[in-house]
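Chemist: I have a structure here, written as structure tokens, and I will follow up with some questions on it.
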């Protein structure tokens with residue numbers, strides 16, 4: 001079933017411009033079922049030929065909420081892949097993080113936010129989670145908050161295989177080159193645990209997917 | 001520690017041409033430690049300034065051998081990413097598979113093999129597994145053999161969460177659009193089980209990584 005982003009206007013439902021294009025390309029037929037995302041809800045809907053009839057709400061909050069704090073890659077374009085992969089992995093919220101070895105230029109990053117929100121929407125359409133993951137504005141490492149069980153994934157840390165069960169996980173992914181020792185100590189003092197993603201070296205985008213997916217596998 | 005592919009020649013050790021370039025770019029210094037892959041073994045070695053001195057063999061066969069049979073994507077270039085991701089995930093052997101909805105042109109695929117072997121080498125250098133994963137020649141779905149516990153990942157199958165412990169796993173990843181019902185039945189008759197990668201829809205390259213990584217997480 002295809003998924004589109006829409007909004008309400010004068011009692012009818014209208015697709016956003018880009019979704020209109022996509023809708024045409026797919027040649028959706030009269031009476032065909034589809035999914036519409038309106039504000040923060042997902043609906044099953046029917047195309048009536050003229051407009052859409054909402055059938056039932058299908059939003060289902062995740063059993064486990066995964067908050068991913070991702071150090072902003074030096075090659076900023078990688079952040080697009082990270083957002084895409086995090087959504088496919090089942091993330092609940094993504095927060096880009098400035099740290100010692102991350103990308104540093106916040107105004108350049110903010111200029112890119114519209115594009116990043118678009119990447120998020122595309123990923124939500126493509127991988128069709130039953131809830132709507134969110135992309136937050138960037139923060140500094142020192143402003144990370146811990147909800148539920150906290151994990152720092154950093155290549156310099158030894159593996160630790162026991163994962164406490166919780167319904168919330170806050171993850172921190174270090175940048176290429178890793179977090180500094182002080183940054184890891186700061187997060188540990190906040191209550192974060194260190195885990196490893198195995199012996200192989202993973203590129204940052206794949207590490208983010210692997211960390212989120214690992215939690216969903218172990219539960 | 002950097003890793004290079006090398007070969008023996010008249011009692012000395014020589015890097016392959018591409019690795020020579022890479023070696024120069026990295027400005028490896030005299031007495032620096034590195035890893036050399038020679039034939040089917042991985043060594044820790046020291047750069048003597050002129051040549052290399054092998055210190056110890058570091059090849060370590062994986063605890064679990066994962067054989068991934070991957071239906072060949074219609075967009076053949078995706079196979080490059082699949083190979084890269086499978087190595088990062090920890091695959092032991094990758095075998096591209098022709099099936100009903102896969103890419104079909106075997107001569108075109110074979111023309112590409114040199115490039116695919118190069119992608120494999122690059123992934124081995126980058127993610128540095130402790131063993132050397134192998135890329136096999138393509139086979140037909142009906143020639144898939146089952147070693148250890150077998151799993152078909154196909155989006156149309158219901159989730160099944162119990163994974164039997166084994167030291168060998170044979171995985172089959174369907175193409176975009178899925179395996180046909182007959183193909184799934186054929187594999188089940190061979191002894192394969194069906195599993196799901198969760199509710200989200202994953203793109204083929206990420207599904208291959210997720211399937212391999214899931215096994216390593218659950219063990």
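Chemist: Starting from the eigenvalues of the Cα gyration tensor, five times each then square-rooted, give me the equivalent ellipsoid semi-axes of the stretch A:65-218, largest first, whole Å.
Modeler: Rounded to whole Å, the semi-axes are 22, 19, 14.
Chemist: While we're here: When Rg is the radius of gyration of the Cα atoms in the protein assembly as shown and Rh is its Kirkwood radius, what does Rg/Rh come to? Intermediate results must be reported in sequence, preceding the final value.
Modeler: Details: Rg = 23.5 Å, Rh = 23.7 Å.
Rounded to two decimals, Rg over Rh is 0.99.
Chemist: Out of B:80, B:176, B:14, any idea which swings most in a Gaussian network model of chain B, alpha carbons joined below 10 Å?
Modeler: The residue that fluctuates most here is B:14.
Chemist: If contacts are Cα pairs under 8 angstrom and at least 6 residues apart, what is the relative contact order of the stretch A:114-219 in percent?
Modeler: That works out to 28 percent.
Chemist: Right, next: How high is the relative contact order of chain B? Use alpha-carbon pairs under 8 Å, at least six apart in sequence, and give a whole percent.
Modeler: Relative contact order comes out at 21 percent.
Chemist: Still on this structure, please answer the following. With axes computed from alpha carbons, what is the tilt in degrees of helix A:204-218 against the longest principal axis of chain A, rounded to the nearest 10 within 0 to 90?
Modeler: Here the helix axis deviates by roughly 80 degrees.
Chemist: Taking square-rooted eigenvalues a ≥ b ≥ c of the alpha carbon gyration tensor, is the stretch A:1-133 rounded, prolate or oblate, where a/c under 1.5 means rounded and, failing that, a/b exceeding b/c means prolate?
Modeler: prolate
Chemist: Let me have the relative contact order for the stretch A:34-113, percent, based on Cα pairs under 8 Å that are six or more residues apart.
Modeler: 23
Chemist: Can you tell me which of B:74, B:83, B:119 moves the most in a GNM of chain B? Springs connect C-alpha atoms under 10 Å apart.
Modeler: B:74
Chemist: If you draw the axis that swings chain A onto chain B, which residue of A has its Cβ closest to it, and how far is that in whole Å?
Modeler: Measuring from each Cβ to the axis, the minimum is at A:217, 2.
Chemist: From the label point of residue A:114, set 7 Å along Cα to the beta carbon, how far off in nm is each other copy's matching point, shortest first?
Modeler: 4.6
Chemist: Say a label goes 7 Å from Cα toward Cβ at residue A:63 in every copy; what distances in nm does this one have to the rest, shortest first?
Modeler: 2.5
Chemist: Shifting gears a bit: Taking square-rooted eigenvalues a ≥ b ≥ c of the alpha carbon gyration tensor, is the stretch A:3-57 rounded, prolate or oblate, where a/c under 1.5 means rounded and, failing that, a/b exceeding b/c means prolate?
Modeler: Rounded, because the longest to shortest axis ratio a/c is under 1.5.
Chemist: Same structure again: What do you get for the angle between helix B:113-127 and the principal long axis of chain B? Use alpha-carbon atoms, 0 to 90 degrees, nearest ten.
Modeler: Once rounded, the angle reads 70 degrees.
Chemist: Run through the other copies and list how far each one's label point is from that of residue B:8, in nm with one decimal, shortest first; the point sits 7 Å from Cα along Cα-Cβ.
Modeler: When each copy's label point is compared with this one, the spacings are 7.7 nm.
Chemist: Find the centroid of the Cα atoms in the stretch A:6-23 and in the stretch B:27-47, then give the distance between the two in whole Å.
Modeler: Here the answer is 59 Å between Cα centres.
Chemist: Here's a follow-up. Could you work out how far helix B:181-190 tilts from the main Cα principal axis of chain B, as a 0 to 90 degree angle to the nearest 10?
Modeler: 70
Chemist: Ignoring everything except DSSP H segments at least 4 long, calculate the 222 nm mean residue ellipticity for the protein assembly as shown; use -39,500 (n - 2.57) per segment, divide by total residues, nearest 500.
Modeler: Value at 222 nm, helices only: -9500 deg cm²/dmol.
A short reminder: the numbers here are calculations on the coordinates, not readings from a lab. Because the structure is a prediction, the values reported are computed rather than measured. Cβ atoms come from the backbone with ideal geometry, glycine included; neighbour counts cover every protein chain shown.
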